[in-house]
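Step one of this worksheet: look at the structure below.
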Amino acid sequence: MSTSKSMTTYSQVLNLLPDRGYGNELNIQRAGASFDGSETLYQPEQLKIVKTYRFEGESDPADMAVIYLIHSESGEKGFILNAYGTYSDEDNRYYDEFIKRVPVEEIRDLEV
């Protein structure tokens, strides 16, 4: 997780993700979720959140975001980026219920 000591921005983390194998965003729809470029549709129980990065904008609420690194049961990897607070993904009514059901199995030594 990013700390105030490292001052890593979420755009810096997003830029590193492809090199670490997490370049595909997970898109959540009513029927399930799929990674960019994949036709496979996953249910929450078929995924795992393996790392969470939370960013808090001290001076700009638009900088408040969370990045979840995701693994699928079939080996696909990717991420979910979501703002929270005022800029959250409230327009996707399936997001909250979906993400609540994704199991968290954090990999402690995983750094991006």
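The values are calculated or read from the model by the stated rules, or taken from the named source; none is laboratory data. Just so it is clear, the structure is predicted and the values come from calculations on it, not from any experiment. Note that we place each Cβ from the backbone using ideal geometry, even for glycine, and neighbour counts take in every protein chain shown. When the accessible area is computed, the model is the full protein with side chains, heavy atoms only, and any ligands, DNA or RNA have been set aside. Shrake-Rupley method; radii C 1.70, N 1.55, O 1.52, S 1.80 Å.
Residues of region 26-42 that are open to solvent by 60 Å² or more (accessible area, probe 1.4 Å) and either free of Cβ contacts under 8 Å to residues at least 40 places away in the same chain or among the charged types (D, E, K, R) (or both): R30, A31, D36, G37, E39, T40, L41.
With a requirement of 3 or more residues that are within 14 Å of the chain's Cα centre (by Cα) and at pLDDT below 95, the strands (runs of 3 or more DSSP E) lying completely within region 15-67 that satisfy it span 47-55. The number of residues in region 97-112 that are assigned to a loop (DSSP other than H, G, I, E, B) and of a type in the set (A, V, I, L, M) comes to 4.
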